[in-house]
Amino acid sequence: MNSRKAAVPGRTWSRLRRGLALGATAVLGAMVLGPGAPSTAAPETFPDLGDDAFSSSAAAPPAQMRQLDFMLGNWKCVVTTQAHGQPPQTGTTYVSVRSILGGHWYELRSLQLPTAANPQRLVGRQVYGWDPAAQQFTTYYFDDADGQGAGTAPQVTAGHAVFTGTYLFNGFRHIGRDDLYSPAPGKLYNDISMALESAPEQLFPVGTSRCTRR
């Protein structure tokens, strides 16, 4: 027996299938839009997602954040580091700290200029906030050399905060401590210490940062 499909020449059958497909599309379109109904939907407007776009939060920022106000501002920092058995290396880092998201977080942006020991500049970001559950400050750090880490400060006094956490630099993970304080108006100092993960209590100094407000 010969089927009806076999009786239709190949080219004609191809046109028929294409027509059926177009017809099905037209039917589906009519079901969704209705006959001849033009689309009246307004084009989507993408919202502004800038840091301060939603700064008028209904929730007031934690009052504890004001304890970190001594860090706010633009700073030029002389950073001195010393590896074990090596002479000290000194470089310049520019730092800007500002309040973001309605005061719920403080953001630090840094640019470390190249030195003889570190010929590549380094761009970093860090945020500071208040953890109401743990009743302590928290911080998160990341940079364009894949450095990253997080720390906490259980208590901050007037013009003095000590953050301790676990950080990753150059593929090496360690315990880091930033002892931040303001010895005088317009000054922001940081005494930096580190320890091996296997001996977190054995901190040793590795550098200092001495910043002047700009």
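The values are calculated or read from the model by the stated rules, or taken from the named source; none is laboratory data. Nothing here was measured: the structure is a model prediction, and the numbers come from that model. Please note: Cβ atoms are built from the backbone with ideal geometry, for glycine as well, and neighbour counts cover all protein chains shown. Surface areas here come from the heavy atoms of the whole protein model, side chains and all, with no ligands, DNA or RNA. Shrake-Rupley method; radii C 1.70, N 1.55, O 1.52, S 1.80 Å.
Observations, loosely collected:
- Qualifying residue in the stretch 145-159 (condition: of a type outside the set (Val, Ile, Thr), within 24 Å of Gly73 (Cβ to Cβ), open to solvent by 70 Å² or more (accessible area, probe 1.4 Å) and in contact with a helix residue (DSSP H, G or I) (Cβ under 9 Å, 6 or more places away or on another chain)): yes
- Residue count, the stretch 180-198 (criterion: touching a His at 6+ places or on another chain (Cβ under 8 Å) and either open to solvent by less than 80 Å² (accessible area, probe 1.4 Å) or under 19 Å from Thr93 (Cα atoms) (or both)): 5
- Looking only at the stretch 91-117, and only at residues there that are surrounded by 14 or more Cβ atoms within 10 Å (Cβ to Cβ) and more than 23 Å from the chain's Cα centre (by Cα), the one that is farthest from Leu72 (Cα to Cα): Thr115
- Selection of the stretch 175-201 for residues being within 21 Å of Ala158 (Cα to Cα) and assigned to a loop (DSSP other than H, G, I, E, B) yields Ser182, Pro183, Ala184, Pro185, Gly186.
- A search for C-beta distances below 8 Å between a residue of the stretch 199-214 that is over 14 Å from Gln89 (Cα atoms) and any residue that is modelled with pLDDT of 95 or more and part of a loop (DSSP other than H, G, I, E, B), counting only pairs 6+ apart in sequence or on different chains, returns Thr212/Gly186; Arg213/Gly186.
- Identity of the residue in the stretch 120-144, hydrophobic (A, V, I, L, M, F, W, C) and either within 20 Å of Val97 (Cα to Cα) or touching a helix residue (DSSP H, G or I) at 6+ places or on another chain (Cβ under 7 Å) (or both), that ends up most open to solvent (accessible area, probe 1.4 Å): Phe142
- Candidates Asp131, Asp146, Asp69: the one that is more than 21 Å from Lys187 (Cβ to Cβ) and out of contact with any strand residue (DSSP E or B) (no Cβ under 7 Å at 6 or more places or on another chain) is Asp146.
Let's see how each residue does on (1) of a type in the set (Ser, Thr, Tyr); (2) more than 19 Å from Val123 (Cα to Cα):
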position: Asp146; (1), (2): no, no
position: Val162; (1), (2): no, yes
position: Phe172; (1), (2): no, no
position: Gly176; (1), (2): no, no
position: Leu180; (1), (2): no, yes
position: Pro183; (1), (2): no, yes
position: Gly186; (1), (2): no, yes
position: Gln202; (1), (2): no, yes
position: Ser209; (1), (2): yes, no
